[in-house]
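Enquirer: After the structure tokens below, expect a handful of questions from me.
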Amino acid sequence: MPAPRSVTVDELVARYEGILLDAYGVLVTEAGPLPGAAQFVERLHTLRKPFCVLTNDAAKLPSTTARRLQAMGIDVPAERVVTSGSLLIPHFEHHGLKGRTCAVLGPPDSVHYVLEAGGRIVPAHADFDVLVIGDESGFEFIETMDAALSSLYARVDRGAAVHLVVPNPDLVYPAGIGAFGFAAGTLAAMFEGALALRYPDRPDLRFVRLGKPHGPIYEEGLRRIGTRAACMIGDTLETDIRGANRVGIDGILIGTGVSTPDWTTTPDDLRPVATLAAFVP
Ligand SMILES: [Mg+2]
């Protein structure tokens, strides 16, 4: 298959009524704003073109993410941010998890999401109904992982039900130019590996994944921009672009982040409609 065509920022703003954007690898990295991101968002404001930032980050509240972007000169109001963490609220509602005991791995904003969803917070070494992996940071890593694993084993051993949820299914995040870090999805994969080892006949012991490429985060973003004549600009084929294809909007791969695809071997469900090298030529 040939490479997708490349587009310019001018074409994108002319073609689409609304724009969904990833944050990390598109607007910012851990090292700071990406070149042209602030100007692009400013242009969307000037054109009154609705946009929404969809981020798998579940370690920060939308208001925290918005403030962080604003501090880097990128003018994104809190109501234009949908985080995977905010999807915990409908998830808890849908699965009847309100009032259940929850161990939460992550910083205070992750805990805030679970409280807002109606969970009762307990430590990782306690007996818990629900394990939420909010983030890979904000806790004593190996001690907490070990404690949660021991609690899980004890619970499954005695035949009790457990609900496992990871809002952010990402395995890797861009930590700077040429630098990467493990993300929350990798922690879920660690637990799943350890559970499969002890309970090989329990394929149901898996985490529910809420963020991109799953549908709810896109549907919430599309609801907020008020149009489906939209594109999703992202840097990762497996999340941003796969999810855009699933919900039937155009995926645009930007070249400033994780994915540097070999188009000859990229499967159809991961192919963007077009590529954008960067916000600045
Ligand atoms: Mg990204």
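Enquirer: Give just the number: which of (1) of a type outside the set (A, V, I, L, M, F, W, C); (2) within 16 Å of the ligand (Cβ to nearest atom); (3) at pLDDT 95 or above does R15 not satisfy?
Expert: Tallying (1) of a type outside the set (A, V, I, L, M, F, W, C); (2) within 16 Å of the ligand (Cβ to nearest atom); (3) at pLDDT 95 or above, R15 fails exactly one: (2).
Enquirer: Output the number of the condition that A183 fails; it satisfies all remaining conditions of (1) among the hydrophobic types (A, V, I, L, M, F, W, C); (2) surrounded by fewer than 21 Cβ atoms within 10 Å (Cβ to Cβ); (3) within 16 Å of the ligand (Cβ to nearest atom).
Expert: With respect to (1) among the hydrophobic types (A, V, I, L, M, F, W, C); (2) surrounded by fewer than 21 Cβ atoms within 10 Å (Cβ to Cβ); (3) within 16 Å of the ligand (Cβ to nearest atom), A183 is out only on (2).
Enquirer: On to the next question. Can we say G36 is touching a residue at least 40 places away in the same chain (Cβ under 8 Å) and on the phi > 0 side of the Ramachandran plot?
Expert: Details: touching a residue at least 40 places away in the same chain (Cβ under 8 Å): yes; on the phi > 0 side of the Ramachandran plot: yes.
Judged against the criteria, G36 is a match.
Enquirer: Select from segment 204-234 the residues that are small (G, A, S) and crowded, with 16+ Cβ neighbours inside 10 Å and list them in ascending order.
Expert: Step one: of segment 204-234, the residues small (G, A, S) are 211, 215, 221, 226, 229-230, 234.
G211, G221, A230, G234 - these are the residues of segment 204-234 that are small (G, A, S) and crowded, with 16+ Cβ neighbours inside 10 Å.
Enquirer: For segment 249-269, give me the residue count where each residue is in contact with a strand residue (DSSP E or B) (Cβ under 9 Å, 6 or more places away or on another chain) and either modelled with pLDDT of 95 or more or assigned by TED's automatic domain parsing to the domain that holds A183 (or both).
Expert: Number of matching residues: 6.
Enquirer: Evaluate the following for E79: is it closer than 17 Å to G211 by Cα, of a type in the set (D, E, K, R) and either outside the structural domain of D135 (by TED's automatic domain parsing) or out of contact with any strand residue (DSSP E or B) (no Cβ under 7 Å at 6 or more places or on another chain) (or both)? Working first, answer last.
Expert: On the way: closer than 17 Å to G211 by Cα: no; of a type in the set (D, E, K, R): yes; either outside the structural domain of D135 (by TED's automatic domain parsing) or out of contact with any strand residue (DSSP E or B) (no Cβ under 7 Å at 6 or more places or on another chain) (or both): yes.
Against the criterion (closer than 17 Å to G211 by Cα, of a type in the set (D, E, K, R) and either outside the structural domain of D135 (by TED's automatic domain parsing) or out of contact with any strand residue (DSSP E or B) (no Cβ under 7 Å at 6 or more places or on another chain) (or both)), E79 does not qualify.
Enquirer: Please determine whether any residue of segment 228-238 is assigned to a loop (DSSP other than H, G, I, E, B) and within 15 Å of the ligand (Cβ to nearest atom). Break it down stepwise before answering.
Expert: Step one: list which residues in segment 228-238 are assigned to a loop (DSSP other than H, G, I, E, B), which gives 228-229, 235-236.
This time we only want the ones that are within 15 Å of the ligand (Cβ to nearest atom), so: 235-236.
Checked against the condition, which is being assigned to a loop (DSSP other than H, G, I, E, B) and within 15 Å of the ligand (Cβ to nearest atom), segment 228-238 yields at least one hit.
Enquirer: Let me ask something else. Show the residue pairs meeting these rules: Cβ distance below 6 Å; 6+ apart or different chains; first residue within segment 223-234 and within 11 Å of L54 (Cβ to Cβ); second residue charged (D, E, K, R) and within 15 Å of the ligand (Cβ to nearest atom).
Expert: Qualifying pairs under 6 Å: M232/D240; G234/D22; G234/D240.
Enquirer: Which pairs have Cβ atoms under 8 Å, sit 6 or more apart or on different chains, and link a residue in segment 259-281 that is closer than 16 Å to T239 by Cβ to one that is of a type in the set (S, T, N, Q) and part of a loop (DSSP other than H, G, I, E, B)?
Expert: Listed by first residue and then by second, the contacts come to S259/T236.
Enquirer: Which of the helices (runs of 4 or more DSSP H) contained wholly in segment 7-101 include at least 1 residues that are in contact with an Asp or Glu (Cβ under 6 Å, 6 or more places away or on another chain) and buried (at least 21 other Cβ atoms within 10 Å of the Cβ)?
Expert: Working: elements: 9-15, 37-46, 62-71, 88-94.
Helices (runs of 4 or more DSSP H) meeting the threshold: 37-46.
Enquirer: What is the number of the single condition among (1) of a type outside the set (G, A, S); (2) at pLDDT below 95; (3) surrounded by 17 or more Cβ atoms within 10 Å (Cβ to Cβ) that P108 does not meet?
Expert: All conditions pass for P108, except number (3).
Enquirer: Give the residue that is surrounded by the fewest Cβ atoms within 10 Å (Cβ to Cβ), with candidates limited to residues of segment 111-162 that are without any contact (Cβ under 8 Å) to a residue 24 or more places away in the chain and basic (K, R).
Expert: The qualifying residue surrounded by the fewest Cβ atoms within 10 Å (Cβ to Cβ) is R158.
Enquirer: Among the residues of segment 239-276, count how many are part of a strand (DSSP E or B) and within 16 Å of the ligand (Cβ to nearest atom). Spell out how you get there, then give the answer.
Expert: Start the filter on segment 239-276 by keeping residues that are part of a strand (DSSP E or B), which leaves 250-254, 274-276.
Next, from what is left, pick out any that are within 16 Å of the ligand (Cβ to nearest atom): 251-254, 275-276.
Final tally of qualifying residues: 6.
The values are calculated or read from the model by the stated rules, or taken from the named source; none is laboratory data. Being a predicted model, the structure only gives us computed values, none of them experimental. Neighbour counts run over all protein chains shown; Cβ positions are idealised from the backbone, glycine included.
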